[in-house]
Amino acid sequence: MNTEHDNDRLFVTALARGLDVLAAFKAGDRALGNTELAQRCGLPKSTVSRLTYTLCQLGYLSQDEAGKYHPAPAVLTLGYAALAGLDLRERARAPMRRLSEDTGLSVTLGVRQGTRVVYVETCRAPTRVGIRLEVGSSVPLATTAIGRALYATLAEAERSPLDMQLAEEYGKRWPALQQGLAAALADYRQQGYCASFGEFEPDIHAVAVPLPGGNPAMAINCSGPAYRLSPARWAQEIAPQLIKLASGLSV
């Protein structure tokens with residue numbers, strides 16, 4: 001577990017560990033056991049066993065006959081409450097749908113959660129090639145266009161601790177990923193958008209733009225199969241539409 005809060009007397013470690021267990025469930029997971037959760041959270045299995053028992057008692061997890069765990073309805077209550085508070089999400093929904101229909105590409109809206117980006121709104125294009133796009137799904141920050149767009153808007157005081165988290169998470173891969181984030185930051189400053197061409201998924205190209213005025217900060221992403229458009233056409237045709245959409249939402 002991240003030790004950045006070790007000297008913070010107000011930080012409740014037990015609560016943080018319980019939330020880490022809940023956050024370990026990703027889109028597509030059917031059920032996870034204590035061993036899998038311990039590996040994902042970097043915690044002892046005995047600790048995770050106590051946490052999952054407590055979360056079951058509180059209604060945040062349920063246990064199946066095989067002894068594995070699923071998120072329970074109490075988690076949905078928290079999620080829907082959070083989504084209801086995202087006013088910018090409501091305003092973005094219709095223009096996102098229009099852009100998806102006009103381009104035949106998928107359009108998503110996301111917020112940062114640690115070193116990942118969580119989708120809070122999605123408009124999926126009808127294509128066989130693509131990433132599973134569901135509200136609540138998450139993708140890595142470092143290799144995706146949407147993650148890079150959110151990274152580019154961070155103040156230095158926020159970016160430095162995030163870099164430390166990413167370095168710890170990726171180990172030997174971090175120097176190369178750090179170069180990619182630095183390039184994305186330069187792209188955003190020069191061109192107003194960030195891109196990922198096959199870096200997250202080899203067959204997927206994407207561009208993304210941060211949305212102004214969101215609390216929390218959000219970014220909007222347009223993605224599709226690599227065979228549809230070259231990087232040059234993404235820059236010339238899709239990025240300007242995405243920038244215009246983002247600008248319109250600031251009014």
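The values are calculated or read from the model by the stated rules, or taken from the named source; none is laboratory data. Here the structure is a predicted model, which is why all the values come from computation and not from measurement. Using ideal geometry, Cβ is built from the backbone for each residue, glycine included, and neighbour counts are taken over all protein chains shown.
Quick one: in segment 53-108, which of the residues that are of a type in the set (Val, Ile, Thr) and at pLDDT 90 or above is surrounded by the fewest Cβ atoms within 10 Å (Cβ to Cβ)?
THR54
Of the residues ALA219, ALA239, which is part of a strand (DSSP E or B), surrounded by 16 or more Cβ atoms within 10 Å (Cβ to Cβ) and touching a residue at least 40 places away in the same chain (Cβ under 8 Å)?
Answer to the check: ALA219.
Can ALA208 be described as touching a Leu at 6+ places or on another chain (Cβ under 8 Å) and closer than 28 Å to SER160 by Cα? Quick ask: steps written out before the conclusion?
Numbers: touching a Leu at 6+ places or on another chain (Cβ under 8 Å): yes; closer than 28 Å to SER160 by Cα: yes.
Yes.
Is it true that TYR151 is among the aromatic types (Phe, Trp, Tyr), in a helix (DSSP H, G or I) and assigned by TED's automatic domain parsing to the domain that holds THR115? Don't jump to the end; show me each part of the working.
Numbers: among the aromatic types (Phe, Trp, Tyr): yes; in a helix (DSSP H, G or I): yes; assigned by TED's automatic domain parsing to the domain that holds THR115: yes.
In short, yes.
Mind checking whether some residue in segment 123-131 is free of Cβ contacts under 8 Å to residues at least 40 places away in the same chain, among the polar types (S, T, N, Q) and in the same structural domain as THR103 (by TED's automatic domain parsing)?
No, there is no match, as no residue in segment 123-131 is free of Cβ contacts under 8 Å to residues at least 40 places away in the same chain, among the polar types (S, T, N, Q) and in the same structural domain as THR103 (by TED's automatic domain parsing).
Looking only at segment 126-134, decide whether some residue is under 18 Å from the mean Cα position of the chain (by Cα), surrounded by fewer than 16 Cβ atoms within 10 Å (Cβ to Cβ) and not aromatic (Phe, Trp, Tyr). Talk me through it step by step, then tell me what you get.
First, the residues of segment 126-134 that are under 18 Å from the mean Cα position of the chain (by Cα): 130-134.
Pick out the ones that are also surrounded by fewer than 16 Cβ atoms within 10 Å (Cβ to Cβ) and you get 132, 134.
With not aromatic (Phe, Trp, Tyr) added as a condition, the list becomes 132, 134.
Yes.
Could you say which residue among LEU109, LEU181, LEU133 is part of a loop (DSSP other than H, G, I, E, B) and in contact with a Lys or Arg (Cβ under 9 Å, 6 or more places away or on another chain)?
On the way: LEU109 fails: part of a loop (DSSP other than H, G, I, E, B); LEU181 fails: part of a loop (DSSP other than H, G, I, E, B).
Result of the check over LEU109, LEU181, LEU133: LEU133.
Given segment 11-76, what helices (runs of 4 or more DSSP H) lie entirely inside it while holding 3 or more residues that are small (Gly, Ala, Ser)?
13-23
Among the residues of segment 193-235, how many are acidic (Asp, Glu) and farther than 14 Å from VAL139 by Cα? Working first, answer last.
First pass over segment 193-235, keeping only residues acidic (Asp, Glu): 199, 201, 203.
Okay, now just the ones that are also farther than 14 Å from VAL139 by Cα, so 203.
The total comes to 1.
Taking TYR188, is it in contact with a strand residue (DSSP E or B) (Cβ under 7 Å, 6 or more places away or on another chain) and part of a helix (DSSP H, G or I)?
Criteria met by TYR188.
Here's the yes/no breakdown for (1) in the same structural domain as VAL117 (by TED's automatic domain parsing); (2) over 22 Å from ARG116 (Cα atoms); (3) without any contact (Cβ under 8 Å) to a residue 24 or more places away in the chain:
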{"residue": "LEU22", "(1), (2), (3)": "no, no, no"}
{"residue": "PHE25", "(1), (2), (3)": "no, no, no"}
{"residue": "ASP29", "(1), (2), (3)": "no, no, yes"}
{"residue": "LEU32", "(1), (2), (3)": "no, no, no"}
{"residue": "LEU37", "(1), (2), (3)": "no, no, no"}
{"residue": "SER46", "(1), (2), (3)": "no, yes, yes"}
{"residue": "LEU55", "(1), (2), (3)": "no, yes, no"}
{"residue": "GLY59", "(1), (2), (3)": "no, yes, yes"}
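Does ALA149 satisfy the criteria of being modelled with pLDDT of 95 or more and of a type outside the set (Phe, Trp, Tyr)?
Here the answer is yes, as ALA149 does meet what is asked.
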